[in-house]
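Scroll down for the structure; my scribbles are underneath it.
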Amino acid sequence: EAQVTQNPRYLITVTGKKLTVTCSQNMNHEYMSWYRQDPGLGLRQIYYSMNVEVTDKGDVPEGYKVSRKEKRNFPLILESPSPNQTSLYFCASSPLGTGPNYGYTFGSGTRLTVV
Amino acid sequence: GEDVEQSLFLSVREGDSSVINCTYTDSSSTYLYWYKQEPGAGLQLLTYIFSNMDMKQDQRLTVLLNKKDKHLSLRIADTQTGDSAIYFCAETPMEYGNKLVFGAGTILRVKS
């Protein structure tokens, strides 16, 4: 089954403790992206990657890092999490190009709470 | 600049029509999308419209596009309780390639 898999689904952590949220896709998509979803703000892009070893900042990159060493994986790293990073995080992937044939496939989300 | 705005909440009775509205700012967007998010799930593509179209109908869904006013709407006919979800409008500004820019989402509540 074609899918984007995120882990973990739920995570509660303490301020300053480094964490990684994993994302893996099995569709050979070039493009991968991380979004955070907050009430009243919708989804905002954190980082994206056009291909292996090619990553770039989205709209809200502060406090996050990513890497793209393999095509299928795109982990999101929080080196020193803070309470304002409490949010619902989504990973998405797509082929390169625009239009509905190049639509995003979303993971199921990771709900992160930083206390 | 890119910005997509939606009203945050809509409540309808089962069997009525729902209309969810969206305004966008980037006229270069070639496609505009509606995504649906059910509780505890990721987003799923519901429907889309190409920017040179005024209307698209897909079973119970009708998308209307007013390019002059940069206004997009999603009409759901005969709304069912299973339609209760968050609906996101999204655009793809041409200069940003694959990037989807989302609105804040409209919570649709269907009362039986």
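The values are calculated or read from the model by the stated rules, or taken from the named source; none is laboratory data. Here the structure is a predicted model, which means the values were calculated and not measured. In this analysis, Cβ positions are derived from the backbone assuming ideal geometry, glycine residues included, and neighbour counts consider all displayed protein chains. These area figures cover heavy atoms from the full protein model, side chains too; ligands, DNA and RNA do not enter into them. Shrake-Rupley method; radii C 1.70, N 1.55, O 1.52, S 1.80 Å.
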Average accessible surface area per residue within the protein assembly as shown, 1.4 Å rolling probe, Å²: 48 Å²
Under 12 Å, Cβ to Cβ, from residue A:102 - net charge with Lys/Arg +1 and Asp/Glu -1: 0
Normalised per residue, the volume of the convex hull around the Cα set of segment A:10-115 (Å³): 97 Å³
Percent carbon-and-sulfur accessible area, chain B, ignoring ligands, DNA and RNA, probe 1.4 Å: 48 percent
Label zone at residue A:88 (point 7 Å along Cα-to-Cβ), backbone N below 17 Å, segment B:1-33: B:6-10
Rg/Rg_ref, segment A:1-62, where Rg_ref = 2.2 N^0.38 Å and atoms are Cα: 1.26
Cα→Cβ-extended label distance, 7 Å offset, between residue A:69 and residue B:80, nm: 4.7 nm
Equivalent ellipsoid, chain B (semi-axes from 5 times Cα gyration tensor eigenvalues, Å): 24, 15, 12
Protein accessible surface hidden between A and B, which excludes ligands and nucleic acids, total in Å², probe 1.4 Å: 1600 Å²
Principal axes of the protein assembly as shown: Cα extent on each, largest first, Å: 49, 37, 36
Carbon/sulfur fraction of accessible area - chain A, other protein chains in place, 1.4 Å, %: 49 percent
Distance violations [Cα-Cα > 25 Å] among B:36/B:111; A:17/A:71; B:36/B:70: A:17/A:71
